[in-house]
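Since the structure comes first, as structure tokens, the remarks are kept for the end.
The values are calculated or read from the model by the stated rules, or taken from the named source; none is laboratory data. All of these numbers come straight from a predicted model, not from anything done at the bench. Note that each Cβ is placed from the backbone with ideal geometry, even for glycine, and that neighbours are counted across all protein chains shown.
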């Protein structure tokens, strides 16, 4: 298994994994209903993340197969200290590669790279109802620091 920066050739596979993340989110909450053109949007999103100084896109591969992806960005916290956060926006590992420490390895690599980009705090966003992700991050010493509330009324 190899963790590396994504390349242009990785866009379709990385976008597929991000689409899987979005569809999984929908299973937890209807406010995460996936748009009909999710695939081309995901491909643009991944492509736009390549080569940007404030974005990170890593893939995990086994041979030629992409089995995991993490996308993150550097954000300024204008009113708070620490003032620079590494914000993990998307993180997905194929089910058959889970529970083998791959997620930990990808997250460690992403955290290290984000710190190298200036991040003083690493945060991740997951649906509140995704107990698997909540347990994963909690086990790695993350804690909840913000809650979003929504209504369609």
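Values as computed for the structure displayed
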| read-out | value |
| --- | --- |
| Test for residue 24: is it touching a residue at least 24 places away in the same chain (Cβ under 8 Å), touching a strand residue (DSSP E or B) at 6+ places or on another chain (Cβ under 7 Å) and either surrounded by 13 or more Cβ atoms within 10 Å (Cβ to Cβ) or at positive phi (or both) | no |
| Per-region count, the stretch 27-59, residues in contact (Cβ under 8 Å) with a residue 60 or more places away in the chain, out of contact with any helix residue (DSSP H, G or I) (no Cβ under 8 Å at 6 or more places or on another chain) and either assigned to a strand (DSSP E or B) or farther than 28 Å from residue 104 by Cβ (or both) | 1 |
| Test: residue in the stretch 71-89 that is free of Cβ contacts under 8 Å to residues at least 24 places away in the same chain and more than 22 Å from residue 146 (Cβ to Cβ) | no |
| Every residue from the stretch 124-144 that is farther than 19 Å from residue 22 by Cβ and in contact with a strand residue (DSSP E or B) (Cβ under 7 Å, 6 or more places away or on another chain) | 142 |
| Residues that are under 14 Å from residue 58 (Cβ atoms) and surrounded by 13 or more Cβ atoms within 10 Å (Cβ to Cβ), drawn from the stretch 92-111 | 92, 93, 102, 103, 105, 106, 107, 108, 109, 110, 111 |
| Hits in the stretch 109-123 (condition: more than 21 Å from residue 1 (Cβ to Cβ) and touching a residue at least 24 places away in the same chain (Cβ under 8 Å)) | 115, 117, 118, 119, 120, 121, 122, 123 |
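For (1) at pLDDT 95 or above; (2) in contact with a strand residue (DSSP E or B) (Cβ under 8 Å, 6 or more places away or on another chain); (3) at positive phi, each residue gets a yes or a no:
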position: 34; (1), (2), (3): yes, no, no
position: 50; (1), (2), (3): yes, yes, no
position: 65; (1), (2), (3): yes, no, no
position: 103; (1), (2), (3): no, yes, no
position: 121; (1), (2), (3): yes, yes, no
